[in-house]
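Take a look at the structure below.
Derivation of every value follows stated rules applied to the coordinates shown; laboratory data play no part. These numbers come from a predicted model, not from an experiment. Every residue, glycine among them, receives a Cβ derived from its backbone with ideal geometry; neighbour counts consider all protein chains shown.
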Amino acid sequence: MKLLRDLLPIAAFALFLWFLPDLLRAFAGRASVSYLSLVTNGVGLAILALSWDILARTGQLSLAHAAFYGTGAYVTAIMARHLDLPLWIGIPAGGLVAVILALGVGAVTLRLRGIYFAIATLAFTEVLKSVFRHLPTPFAGGAAGINVEPLFRPVFDAATMERWEIAFFRNEGYFLLYALLLIITILLSLITRRSRLRQAFTAIRTNEEVAAIMGVHPARMKLLAFALSSFAVGMLGAVHAHRVGSVVPEGSFSVETTVLALVTPIFGGLYTTLGPIVGAGMLAGIEETLKRNLADGYLIGYGVVLILSILFLPKGLVGTTRAWWRRRQSKSMDTAEEGSA
Amino acid sequence: MDPSLILQAIVSGVLASGLYALVSVGLALAIGVIGIVNFAHGEFFMIGAFLTYTLFVVFGIDPVLAVLFVAPALFLLGAVLYRSTIQHVLSAPELNQMLLTFGIGIVLQNLALLIWGGDPVSIAGIEYRSVGYRFAGISVGLVSLVSFAVSLALVIGLNLALTRTRLGRAMRAVAQNRTGAALVGLEVNRVYLVAFALSALLAGIGGVMIAVIQSPTPTIGLAFTLKAFSITVLAGLGNIRGILAASLVVALSESLVATLVPNGGTLSNAVFFAIIFLALVWRSRRTV
């Protein structure tokens with residue numbers, strides 16, 4: 001029943017995303033090409049952030065998100081290079097291999113907590129980066145990486161199209177794929193928020209021993225969170241590989257990806273579905289502005305946001321707003337009661 | 001395998017362990033006294049290196065003299081960061097503290113990228129940089145030798161200071177029992193401030209050395225944070241005494257992998273991270 005109540009706003013959001021490219025094209029014309037790639041980045045950031053948050057709900061602060069992202073990217077790139085299959089198959093395959101990897105990492109790091117878990121997952125990502133760099137070059141491209149074919153090749157038709165519309169239609173394809181992944185991620189997130197998993201995850205986060213005594217199975221729950229968290233981000237890595245046309249070890253397993261994945265939900269509001277999405281919307285805008293003005297080092301914006309969020313907004317934008325709203329409501333109820341008394 | 005090659009690897013590893021110990025001891029100080037696991041620690045090290053570079057290139061100041069500027073500068077940076085940020089999360093959950101220092105690390109690293117660009121910088125044209133000695137087929141650089149000696153002296157000096165001086169005893173008291181230390185009249189917050197600033201200073205001095213030994217880039221910080229962290233874990237979190245031995249283990253294994261394994265130069269980092277990962281996992285299985 002609760003899930004049904006959520007489906008309406010999600011359907012509306014999906015519809016909005018579906019029509020967004022056409023709206024942009026109608027109103028912005030030629031400029032819509034770059035607007036579309038900006039909103040695609042924003043949607044990608046939302047997927048990164050929301051999928052990271054699903055795992056964070058069990059209290060495990062992972063620094064391995066780039067590992068799942070990079071694995072998805074490499075799986076699709078290697079499949080496209082060596083197998084004669086339709087390109088799109090690489091995307092769910094990337095997601096699945098990321099899940100298998102996540103289950104493996106999750107299983108060996110089950111007993112690590114807090115800072116130890118964070119360091120172990122970061123070290124794991126670095127190892128994986130190195131492994132892909134040292135795989136045989138004909139197989140995985142070595143340090144130079146692999147070129148990846150684009151998924152969409154719009155055909156130019158001089159009678160009905162203008163030149164810039166080729167770029168637009170290509171971007172539109174990726175945007176719609178990203179949007180689909182975001183909807184999937186939102187659904188995965190809501191499943192853990194609206195079912196008994198929510199209590200299970202929260203119990204493990206708050207006190208694992210007590211949770212185990214109360215009948216929650218911490219190992220099983222953490223592995224489930226790992227799987228849910230890595231599936232979407234693996235597919236995102238795969239689609240992104242097609243979008244930019246290549247995978248390289250340094251880029252696909254970059255610490256940057258992990259930083260984006262964790263700063264966004266902390267800023268937007270941890271352990272919520274809305275928080276990471278709102279955070280992504282705002283941070284994508286900030287990032288774009290910074291990238292235009294700073295060559296290297298745009299990540300400084302994420303660092304500043306992280307510091308300020310921890311110091312001043314420990315509950316994030318959404319959490320703080322909700323707390324404020326609840327306070328206001330209870331205050332107005334108090335005054336109503338006083339009035340009637 | 002040529003035995004002198006192995007001997008050379010061992011000597012290089014031992015010499016490198018001094019610098020590792022110096023950087024790690026600062027991290028251990030912050031963990032042991034304040035209870036903060038500082039993800040930005042390696043960035044202090046990196047900033048120390050780039051300040052040294054700038055002092056040399058812009059003002060022509062020799063790195064040996066640059067220590068006199070870099071050390072106070074890093075102490076000040078540590079103090080300012082403590083007052084403005086760390087101090088406010090002392091009673092927050094451990095993960096918030098970690099994330100805060102992670103954020104500080106991101107800011108410092110990218111600030112350095114903005115100022116110095118992403119390419120490696122090198123201090124060229126100092127005579128003593130290329131001075132070396134050879135005994136029995138093993139070559140030893142003067143700079144590595146001196147940096148090893150200085151690092152060792154600083155680490156031992158810190159150990160002595162913690163047991164012999166008033167401030168050192170205050171730090172240990174605060175580390176053992178914050179409330180108790182406050183009750184007997186110690187200004188806990190001031191002790192924390194000094195400990196954190198000192199930890200940055202030690203990393204900064206390490207940075208001066210790396211600027212002469214290698215050609216650093218602004219992104220070396222994170223790797224050193226991880227190395228220092230694994231050394232402190234190996235030594236026992238917050239245990240300053242075990243640092244020297246743990247540094248020796250880490251530096252030796254790194255140097256041996258780089259020499260003995262074909263293509264080891266690029267792999268040594270991966271091996272290192274694999275060791276951290278396995279050590280953490282093994283440790284977590286053993287204790288329960």
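Scanning the range B:78-94 for residues that are closer than 19 Å to residue B:42 by Cα and within 7 Å of chain A (Cβ to nearest Cβ) returns a single hit, B:85. Taking the listed residues A:179, A:225, A:261, A:219, the one that is of a type in the set (Gly, Ala, Ser), touching a residue at least 60 places away in the same chain (Cβ under 8 Å), crowded, with 20+ Cβ neighbours inside 10 Å and within 14 Å of chain B (Cβ to nearest Cβ) is A:261, with no other qualifying.
With respect to residue B:33, is the statement that it is within 13 Å of chain A (Cβ to nearest Cβ), in contact with a helix residue (DSSP H, G or I) (Cβ under 6 Å, 6 or more places away or on another chain), buried (at least 22 other Cβ atoms within 10 Å of the Cβ) and in contact (Cβ under 8 Å) with a residue 40 or more places away in the chain true? Please lay out each step first, then the result.
Numbers: within 13 Å of chain A (Cβ to nearest Cβ): no; in contact with a helix residue (DSSP H, G or I) (Cβ under 6 Å, 6 or more places away or on another chain): yes; buried (at least 22 other Cβ atoms within 10 Å of the Cβ): yes; in contact (Cβ under 8 Å) with a residue 40 or more places away in the chain: yes.
No: the conditions fail for residue B:33.
Exactly one residue out of B:205, B:240 is outside any helix (DSSP H, G or I), away from chain A (no Cβ under 14 Å), under 15 Å from the mean Cα position of the chain (by Cα) and more than 26 Å from residue A:132 (Cα to Cα), and it is B:240. Applying a threshold of 8 Å to beta carbon distances and a minimum spacing of six or more residues, or different chains, the list of pairs starting in the range B:71-100 at a residue that is outside any helix (DSSP H, G or I) and ending at one that is of a type in the set (Ser, Thr, Tyr) and surrounded by 15 or more Cβ atoms within 10 Å (Cβ to Cβ) reads B:90/B:192.
Scanning the range B:132-168 for residues that are loosely packed, with under 12 Cβ neighbours inside 10 Å and β-branched (Val, Ile, Thr), we see that the one that is nearest to the other protein chains (Cβ to nearest Cβ) is B:163.
Out of everything in the range A:132-153 that is within 14 Å of another protein chain (Cβ to nearest Cβ) and part of a loop (DSSP other than H, G, I, E, B), what residue ends up being surrounded by the fewest Cβ atoms within 10 Å (Cβ to Cβ)? So the residue we want is A:136. Check off (1) within 27 Å of residue A:246 (Cα to Cα); (2) in a helix (DSSP H, G or I); (3) more than 14 Å from every other protein chain (Cβ to nearest Cβ); (4) in contact (Cβ under 8 Å) with a residue 40 or more places away in the chain for residue A:129 and give me the number that stays unchecked. So residue A:129 meets the others, but not (3).
Being surrounded by fewer than 23 Cβ atoms within 10 Å (Cβ to Cβ), of a type in the set (D, E, K, R) and either free of Cβ contacts under 8 Å to residues at least 24 places away in the same chain or not in a helix (DSSP H, G or I) (or both) is a property that does not hold for residue A:172.
Across the range A:107-125, the number of residues qualifying as among the hydroxyl-bearing types (Ser, Thr, Tyr), at the interface with chain B (Cβ under 7 Å from one of its Cβ atoms) and surrounded by 22 or more Cβ atoms within 10 Å (Cβ to Cβ) comes to 1.
Every residue, every condition in (1) over 16 Å from residue A:258 (Cα atoms); (2) within 13 Å of the chain's Cα centre (by Cα), yes or no:
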site	(1), (2)
A:26	yes, no
A:59	yes, no
A:65	no, yes
A:103	yes, no
A:117	no, no
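What's the total number of residues in the range B:40-93 that are closer than 15 Å to residue B:121 by Cα and among the hydroxyl-bearing types (Ser, Thr, Tyr)? Qualifying residue count for the region: 3.
Note on the range A:124-161: residues that are within 21 Å of the chain's Cα centre (by Cα) and more than 18 Å from residue A:55 (Cα to Cα) total 4. When A:285, A:275 are screened for being away from chain B (no Cβ under 12 Å), crowded, with 23+ Cβ neighbours inside 10 Å and small (Gly, Ala, Ser), only A:275 passes. Go through the residues of the range B:49-70 one by one and say whether even a single one is surrounded by 16 or more Cβ atoms within 10 Å (Cβ to Cβ) and under 19 Å from residue B:191 (Cβ atoms). No, because not a single residue in the range B:49-70 is surrounded by 16 or more Cβ atoms within 10 Å (Cβ to Cβ) and under 19 Å from residue B:191 (Cβ atoms).
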